[in-house]
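Structure, as structure tokens:
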Amino acid sequence: MSQTKTIDLFFGPQHPGITGNFSVRVTVDGDTVVKAQVIPGFLHRGFEKLMEMRHWIQGPALICRICVPDPDHSETGYATAVERLAGIEVPERGRYIRSLMLEMSRLSAYLFYFGGYAGSIGLYTVGQWGVGDRDYILDLFEELTGARVYHIFNFPGGPRWDTPPGFEDKVDKLMDFLEKRLKEFDKLYFNNRVFIKRARGTAPMTKAYAQKMEVTGPNARATGWAIDVRKDDPYAAYPDLDFDIITQKEGDNYARVIQRRMEFEQSIDLIRQITRKLRKMPRGNVRVTPNPLHWKIPPGEAYGAVESSKGELGYYVVSDGGIGPYRMQARGPSISHGVQVYEEMVVGQRVADVAALMFSLDVCPPDIDR
Amino acid sequence: MSVKKEGSYVSPFRALKQLVKKPHTVQIPKVVKPPAERYRGFHTNNLEVCIGCGNCSRVCPDNAIKMVPFPEYARKEPGSMPLRPQVDYGRCCFCALCVEVCPTGSLQMVRTFTHVDEKKDSFVFIPDSKVVHETPDFVLDTKNLRRK
Ligand code: SF4
Ligand code: SF4
């Protein structure tokens, strides 16, 4: 049998078709990928060890950097784990503000995602729109937290401050705007024949495969597997909110993108539920944190997970009774999506879909390297 | 849901109407977008009120605060030290934990956040009551970008 000559191509770390500081070496035969090897590690910062040298309260200042487009889920995952360990009950208003932030963060991460995937198939306008609209969400984050990207706001014990006056109205106004924009996104992108032809049937994933590879989040739901940490292990205000788990069937690139588009709509609805509730609640009491400099937590261990925009993001925290974690371990969704799953799924795809698959799985390299 | 199964080649062209809309972006420096009320920018410290307890330095996750001697503030009250915090903006991540733990409330953050200088030492300074340096509050001064 004659063997054609294969060549190695490098995608990344400096390549617009890669999601960040990350690289993939693909071996191609003609136009088809026959082997892929991911090369992570460009962004390793050793968060787990750094956390062990710090106070309980200092964690959120660091770990928001684990996932850049979606920092609030990192903060809340860690805060949930520490609260479970210390037996802290966050005040009701604090829980709602937390959920509000998480959903806003999900919206901003999905806007990035829409643009990222569209960019990988050449529809650059969507990226411009996504980043433009995301800035309005960042404006609100700035008003609430005092920072645009790394909010450092969800501490163990609750969010840092109450909402500024009139904040709920501004959020509702933005939700109306985003809902209108979503219709325009539909016309430009989700109903675009070019997108549908490129995405449908590309790199399908079955539910059984998703379960075997520990795929979580929207990628798992796109295969029809109804898992969602917000339902399975509720945190923040999710037990009180009314929503269903959305799923797709096919598990291909198209289903993964449409899954996020549907969840975008769901997040808008959740935010409206939250602001309605926040208006009725007495203001003020949002956080219970002991004196941060002398805060000791009794020995024990706890796991806290959140449903981030990319999948299950969990923190396992061990205390030996000291002023900081004895051991902290993060479970990020991108390790399975970006390394194990990606390496297998990209085989057999065309070169043009190498970047498209990476974007459709929503791989976050800072989360892989940590 | 308004996502259709087959899609269309025509509907994306409706996006062309965006061409007659105003852009998202603001024209810096002609238009200045002021930071929010709660914006966490540079530090200020009322050196008279600060007692030099060092809480800010101990809570800082980035080790950005060093307590430096200030003999002129030696006082007799218990807990008072002749030290004042010095912040290194090469390390600070603007988390405001230092502001939160300051028992006297002397340490605060202002909304100014631009500082451009060739000398790296100018990024390490002792916050006092004056807003950090001469750049006016939240104006990105293009002349400042080219200071000698
Ligand atoms: S600024 Fe506040 S926390 Fe820091 S030394 Fe002075 S009084 Fe203590
Ligand atoms: S803002 Fe945060 S990083 Fe900066 S000096 Fe204060 S505690 Fe340290």
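The values are calculated or read from the model by the stated rules, or taken from the named source; none is laboratory data. Everything quoted here is computed from the prediction, not taken from an experiment. Reconstructed Cβ throughout: ideal geometry from the backbone, glycine too, with neighbour counts over all protein chains shown. In case anyone asks, the SASA skips ligands and DNA or RNA and just uses the protein heavy atoms, side chains included. Shrake-Rupley method; radii C 1.70, N 1.55, O 1.52, S 1.80 Å.
Computed quantities for the displayed model
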quantity: Sole residue being exposed (fewer than 15 other Cβ atoms within 10 Å of the Cβ) and either touching a Lys or Arg at 6+ places or on another chain (Cβ under 8 Å) or modelled with pLDDT of 85 or more (or both), chosen from A:ILE57, A:ILE7; calculated: A:ILE7
quantity: Residue within segment A:31-47 that is crowded, with 16+ Cβ neighbours inside 10 Å, part of a helix (DSSP H, G or I), at negative phi and within 14 Å of chain B (Cβ to nearest Cβ) present; calculated: yes
quantity: Hits in segment A:81-97 (condition: touching a residue at least 12 places away in the same chain (Cβ under 8 Å) and open to solvent by 10 Å² or more (accessible area, probe 1.4 Å)); calculated: A:GLU83, A:ARG84, A:LEU85, A:ALA86, A:ILE88, A:GLU89, A:VAL90, A:PRO91, A:GLU92, A:ARG95
quantity: Hits in segment B:7-22 - residues which are more than 8 Å from chain A (Cβ to nearest Cβ), assigned to a loop (DSSP other than H, G, I, E, B) and either closer than 14 Å to A:PHE185 by Cβ or of a type outside the set (Lys, Arg) (or both); calculated: B:VAL10
quantity: Extreme residue, most open to solvent (accessible area, probe 1.4 Å), among residues of segment B:99-114 that are within 10 Å of ligand 2 (Cβ to nearest atom) and either more than 27 Å from A:ARG65 (Cβ to Cβ) or within 11 Å of chain A (Cβ to nearest Cβ) (or both); calculated: B:GLU100
quantity: Residue within segment B:116-130 that is of a type in the set (Ser, Thr, Tyr), away from chain A (no Cβ under 14 Å), open to solvent by less than 40 Å² (accessible area, probe 1.4 Å) and within 14 Å of ligand 2 (Cβ to nearest atom) present; calculated: no
quantity: Unmet criterion (only one of (1) open to solvent by 10 Å² or more (accessible area, probe 1.4 Å); (2) at pLDDT below 90) for A:GLU142; calculated: (2)
quantity: Condition check for B:THR25: assigned to a strand (DSSP E or B) and under 36 Å from the mean Cα position of the chain (by Cα); calculated: no
quantity: Residue in segment A:100-117 that is small (Gly, Ala, Ser), away from every other protein chain (no Cβ under 14 Å) and farther than 19 Å from A:ILE368 by Cα present; calculated: yes
quantity: Which numbered condition B:ARG91 fails, given (1) more than 22 Å from B:HIS115 (Cα to Cα); (2) within 8 Å of ligand 2 (Cβ to nearest atom); (3) in a loop (DSSP other than H, G, I, E, B); calculated: (1)
quantity: Subset of segment B:59-88 (residues that are touching a residue at least 24 places away in the same chain (Cβ under 8 Å), within 27 Å of B:LYS119 (Cα to Cα) and of a type outside the set (Gly, Ala, Ser)); calculated: B:CYS60, B:PRO61, B:ASP62, B:ASN63, B:ILE65, B:VAL68, B:LEU83, B:ARG84, B:PRO85, B:GLN86, B:VAL87, B:ASP88
quantity: Check on B:VAL68, surrounded by 15 or more Cβ atoms within 10 Å (Cβ to Cβ) and within 14 Å of ligand 1 (Cβ to nearest atom); calculated: no
quantity: Tally of residues being open to solvent by 30 Å² or more (accessible area, probe 1.4 Å) and among the hydrophobic types (A, V, I, L, M, F, W, C) across segment A:163-185; calculated: 1
quantity: Selection count where residues are within 16 Å of ligand 2 (Cβ to nearest atom) and more than 14 Å from chain A (Cβ to nearest Cβ), scope segment B:62-85; calculated: 6
quantity: Residue check, A:TYR78 more than 16 Å from ligand 2 (Cβ to nearest atom), open to solvent by less than 40 Å² (accessible area, probe 1.4 Å) and within 14 Å of another protein chain (Cβ to nearest Cβ); calculated: yes
quantity: Residue match in segment A:263-278 (condition: surrounded by 18 or more Cβ atoms within 10 Å (Cβ to Cβ) and part of a loop (DSSP other than H, G, I, E, B)); calculated: no
